[in-house]
Amino acid sequence: MSSSKKVRRYPRVPLPKGMLVAWQHSGLRKISPVSVLALGGLFISTPEPAPAGDVIKLVFEIPGGEVRARAFVRDCQPGKGMGIEFTVMAPEARARLSRLMKTLTRI
């Protein structure tokens, strides 16, 4: 039997007030709100998301500093946004994001 429920590697935290992320795809730079945050990726709200399977670069601010990463577009929803999975991130940025997620998932 298959289950329709997706198994997630990391807990996801909705961000009702949002957070902005600067991202780059095919030479174009955009700034968009983030509606869901996880240690493994984000959901970026944008009317014109990058296609699933593409790679984007992104940067965003969290308490403690900046996070720069490369990411793989896992899910593309035209008119809504895209779910991305982090593929490359500096260890210091990963540690900052991990600390933030521990705080957010405790609340």
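The values are calculated or read from the model by the stated rules, or taken from the named source; none is laboratory data. None of these values were measured; they are calculated from a predicted model. Note that we place each Cβ from the backbone using ideal geometry, even for glycine, and neighbour counts take in every protein chain shown. Just the protein is used for accessible areas: all its heavy atoms, side chains included, with ligands, DNA and RNA removed. Shrake-Rupley method; radii C 1.70, N 1.55, O 1.52, S 1.80 Å.
Does LEU20 meet the test of being out of contact with any Lys or Arg (no Cβ under 7 Å at 6 or more places or on another chain), surrounded by fewer than 17 Cβ atoms within 10 Å (Cβ to Cβ) and touching a residue at least 24 places away in the same chain (Cβ under 8 Å)? So LEU20 passes the test. When ILE31 is tested against the conditions (1) over 11 Å from the mean Cα position of the chain (by Cα); (2) at pLDDT below 95; (3) open to solvent by 60 Å² or more (accessible area, probe 1.4 Å); (4) at negative phi, the lone failure is (2). Within region 42-55, being surrounded by 15 or more Cβ atoms within 10 Å (Cβ to Cβ) and farther than 16 Å from ARG29 by Cα holds for LEU42, PHE43. Exactly one residue out of LEU39, LEU58 is surrounded by 15 or more Cβ atoms within 10 Å (Cβ to Cβ) and in contact with a strand residue (DSSP E or B) (Cβ under 7 Å, 6 or more places away or on another chain), and it is LEU58.
Condition check ((1) outside any strand (DSSP E or B); (2) at pLDDT 95 or above; (3) within 11 Å of the chain's Cα centre (by Cα)) across all residues:
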| site | (1), (2), (3) |
| --- | --- |
| GLU66 | no, no, no |
| ALA71 | no, yes, yes |
| CYS76 | no, yes, no |
| MET82 | no, yes, yes |
| GLU85 | no, yes, yes |
| VAL88 | no, yes, no |
| SER98 | yes, no, no |
| LYS102 | yes, no, no |
| THR105 | yes, no, no |
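For beta carbons closer than 6 Å, sequence separation of 6+ or different chains, a first residue in region 44-66 that is over 19 Å from VAL88 (Cβ atoms) and a second that is of a type in the set (Phe, Trp, Tyr) and in a strand (DSSP E or B), there are no qualifying pairs. Summed over region 67-93, the residues that are open to solvent by 60 Å² or more (accessible area, probe 1.4 Å) and in contact (Cβ under 8 Å) with a residue 40 or more places away in the chain give a count of 0.
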